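> One structure, pasted below without further comment.
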């Protein structure tokens, strides 16, 4: 409800709230007196309240923790917020407006600049996300640009001039940066929040779950392929699709896909689902697969959350930057591509499904735990500081 109310607030009111409440800078987070200083440009809300709504809360706080342990006074600003005087900083880390300010106005080049890419390179992302919008236009006759993930600010300074890049996700995500950057690009596995024991979820998995699939995502419903899933499952009444996400924030998409969302018996819309809720657990117990035909991601923490907590088998696009080692790859972001991938899942035996569920969950628990994320991120930051 709060998110929906914010959508209809006047722009001036939203700007006031961001500037003076949610996006206020946080200076000297850990109240230290080290000689070195780092300015982290990301989001500041995690330093005021905890939340499991998005992995970026953990990501930015972990970066701050690492720099603190490396002996830096840590200041944090919002990536589009007010920028302090940059002369006293030894490191600028993250992404956003501050990078352009630094490279255009800082004549001495005294600070180390480290870009943290939470998604694929903006040049790649903007092209593919609008291409997906065009795909929908050809089918529906309406432009649903608000359901893309188009980034208006390219912030090219940060991806061209920084001393190093840390790209969230697998090497597929990192490669989108290497096409435009001749420096060091390091990939870092995305983290996820573990709130359930996947083994317990598997024990309670419902009869018929092999015919049930979960789409679990955030903003950018076309970008993340929900339209493709709705189109396919509407044509397959013998299969079930559970949809979890903030659909109310994209009313034009909901209007265009009202029939698929609310008049199709085998498609179940849950809205935003708290991963600590009983509802989330019940959905995981009802499904065997998580499907995510996204066109551009940085590790897809939502997919990892479904795998790590519920042992769901991933059916994902290459562009999700999740490697479906024990799942199914969606080769083409079309109805046919989704159909081909699901057909492979349908043809799996019960024993194969159970084995792939366990192996997928164990892989995610090992590679995408918050502990492993912190370990690898620390290693990457240290290596880039030493360049």
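> Residue check: is residue 262 crowded, with 23+ Cβ neighbours inside 10 Å and either assigned by TED's automatic domain parsing to the domain that holds residue 51 or at pLDDT 95 or above (or both)?
When the stated conditions are applied, residue 262 does not pass them.
> Could you pull out the residue among 59, 69 that is in the same structural domain as residue 379 (by TED's automatic domain parsing) and surrounded by fewer than 16 Cβ atoms within 10 Å (Cβ to Cβ)?
Selected residue: 69, the only one of 59, 69 that is in the same structural domain as residue 379 (by TED's automatic domain parsing) and surrounded by fewer than 16 Cβ atoms within 10 Å (Cβ to Cβ).
> Let me ask something else about it. Out of contact with any helix residue (DSSP H, G or I) (no Cβ under 7 Å at 6 or more places or on another chain), in a helix (DSSP H, G or I) and surrounded by fewer than 24 Cβ atoms within 10 Å (Cβ to Cβ): is that true of residue 353 in this structure?
No.
> Sticking with this one: Of the conditions (1) modelled with pLDDT of 80 or more; (2) touching a helix residue (DSSP H, G or I) at 6+ places or on another chain (Cβ under 6 Å), residue 37 satisfies every one except a single condition; which number is it?
(2)
> May I pose another question? Quickly run through region 167-187 and pick out the residues that are assigned to a strand (DSSP E or B) and under 20 Å from residue 364 (Cβ atoms).
Within region 167-187, 167, 168, 187 qualify.
> Can you give me the number of residues within region 356-381 that are farther than 16 Å from residue 316 by Cβ and either in a helix (DSSP H, G or I) or without any contact (Cβ under 8 Å) to a residue 40 or more places away in the chain (or both)?
Result for region 356-381: 16.
> Of everything in region 31-43, what is within 22 Å of residue 375 (Cβ to Cβ) and assigned to a loop (DSSP other than H, G, I, E, B)? Give them in sequence order.
Selection gives nothing.
> Out of 136, 185, report the one residue that is outside the structural domain of residue 335 (by TED's automatic domain parsing) and touching a residue at least 60 places away in the same chain (Cβ under 8 Å).
Result: 136 is the single residue among 136, 185 that is outside the structural domain of residue 335 (by TED's automatic domain parsing) and touching a residue at least 60 places away in the same chain (Cβ under 8 Å).
> Further question on the same structure: When you look at residue 333, is it under 26 Å from residue 150 (Cβ atoms) and part of a loop (DSSP other than H, G, I, E, B), yes or no?
Considered against the rule, which asks whether it is under 26 Å from residue 150 (Cβ atoms) and part of a loop (DSSP other than H, G, I, E, B), residue 333 comes out as yes.
> Continuing with this model, one more query. Over 19 Å from residue 54 (Cα atoms), in contact with a helix residue (DSSP H, G or I) (Cβ under 7 Å, 6 or more places away or on another chain) and buried (at least 20 other Cβ atoms within 10 Å of the Cβ): which single residue out of 313, 275, 307 fits that description?
When all the criteria are applied, what remains is 313.
The values are calculated or read from the model by the stated rules, or taken from the named source; none is laboratory data. Here the structure is a predicted model, which is why all the values come from computation and not from measurement. Every residue, glycine among them, receives a Cβ derived from its backbone with ideal geometry; neighbour counts consider all protein chains shown.
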